[in-house]
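Accompanying notes for the structure given below.
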Amino acid sequence: MKLDSLETLLIAELRDLYNAERQILKALPKMARAASSPNLQKGFQEHLQQTQTQVERLDKIFTDLGESPKGKKCEAMEGLLKEGAELLEADAEPSVLDAALIAAAQRVEHYEIAGYGCARTYAKLLGHGEATKLLQQTLDEEKRTDEKLTELAVGSINAEAVDPEASPERKPSGQRRARA
């Protein structure tokens with residue numbers, strides 16, 4: 001694709017985000033199953049539902065712009081999710097794995113925050129009011145998800161990873177190790 005205008009850059013960014021979100025939809029259930037913290041499991045499940053809504057928003061934007069969402073593979077998200085998948089294969093203490101899953105999820109969120117922020121700005125500059133509104137809505141959700149992950153990490157999970165034996169709400173490690 002030739003990037004000859006801000007409009008073509010917007011479309012390229014939206015296609016990247018669309019593909020990234022589709023990849024995330026496949027990864028989140030695996031992450032939820034791998035987590036041993038009930039709060040982290042719940043967070044991943046809630047974010048799965050939120051991601052489905054975000055894909056629907058992108059579909060609406062593409063329809064409104066008369067463009068197709070297809071045509072771009074998000075290599076960056078593929079790499080981030082591959083690193084996360086490698087964690088699922090690691091021989092890790094459940095609480096340590098939870099801390100690692102949060103770190104992996106936050107890398108994904110930060111990528112999305114950057115992408116949605118840029119796309120929202122481009123849409124605003126181009127006068128695409130509805131797209132701007134929808135992109136801002138998703139950007140706000142991604143920021144809140146990142147904040148929730150930080151709260152989980154700082155509030156309990158990272159401390160539990162320091163002393164895995166002190167964690168009363170964990171599933172036994174044999175139950176956690178189900179493969180995705």
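The values are calculated or read from the model by the stated rules, or taken from the named source; none is laboratory data. As the structure is a prediction and not an experimental result, all values here were calculated from the model. Cβ: placed from backbone, ideal geometry, glycine included. Neighbour counts: every protein chain shown. Just the protein is used for accessible areas: all its heavy atoms, side chains included, with ligands, DNA and RNA removed. Shrake-Rupley method; radii C 1.70, N 1.55, O 1.52, S 1.80 Å.
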task: Please work out which one of (1) in a helix (DSSP H, G or I); (2) open to solvent by 20 Å² or more (accessible area, probe 1.4 Å) is the condition Leu58 fails and give its number.
output: (2)
- request: Determine whether Leu28 is part of a helix (DSSP H, G or I), in contact (Cβ under 8 Å) with a residue 12 or more places away in the chain and either among the β-branched types (Val, Ile, Thr) or within 25 Å of Gly127 (Cα to Cα) (or both).
  value: no
When residues of the range 71-84 are limited to those that are open to solvent by less than 50 Å² (accessible area, probe 1.4 Å) and either outside any helix (DSSP H, G or I) or in contact with an Asp or Glu (Cβ under 9 Å, 6 or more places away or on another chain) (or both), the one farthest from Leu149 (Cα to Cα): Cys74
message: Based on this model, can you work out whether Ser68 counts as over 30 Å from Asn158 (Cβ atoms), outside any helix (DSSP H, G or I) and either under 19 Å from the mean Cα position of the chain (by Cα) or not aliphatic (A, V, I, L, M) (or both)?
response: yes
statement: Counted residues in the range 91-112 being open to solvent by 40 Å² or more (accessible area, probe 1.4 Å), touching an Asp or Glu at 6+ places or on another chain (Cβ under 9 Å) and over 19 Å from Ser156 (Cα atoms) come to 2
message: I'm trying to understand the selection: among the residues of the range 48-72, which are modelled with pLDDT of 95 or more and of a type in the set (Lys, Arg)?
response: Arg57, Lys60
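Taking the conditions exactly as written (crowded, with 16+ Cβ neighbours inside 10 Å, aliphatic (A, V, I, L, M) and modelled with pLDDT of 95 or more), does Leu87 satisfy them or not? If you could, list the steps in order and put the result at the bottom.
Values: crowded, with 16+ Cβ neighbours inside 10 Å: yes; aliphatic (A, V, I, L, M): yes; modelled with pLDDT of 95 or more: no.
For Leu87, the condition - crowded, with 16+ Cβ neighbours inside 10 Å, aliphatic (A, V, I, L, M) and modelled with pLDDT of 95 or more - is not met.
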Conditions (1) surrounded by 21 or more Cβ atoms within 10 Å (Cβ to Cβ); (2) touching a residue at least 60 places away in the same chain (Cβ under 8 Å); number of the one not met by Asp64: (1)
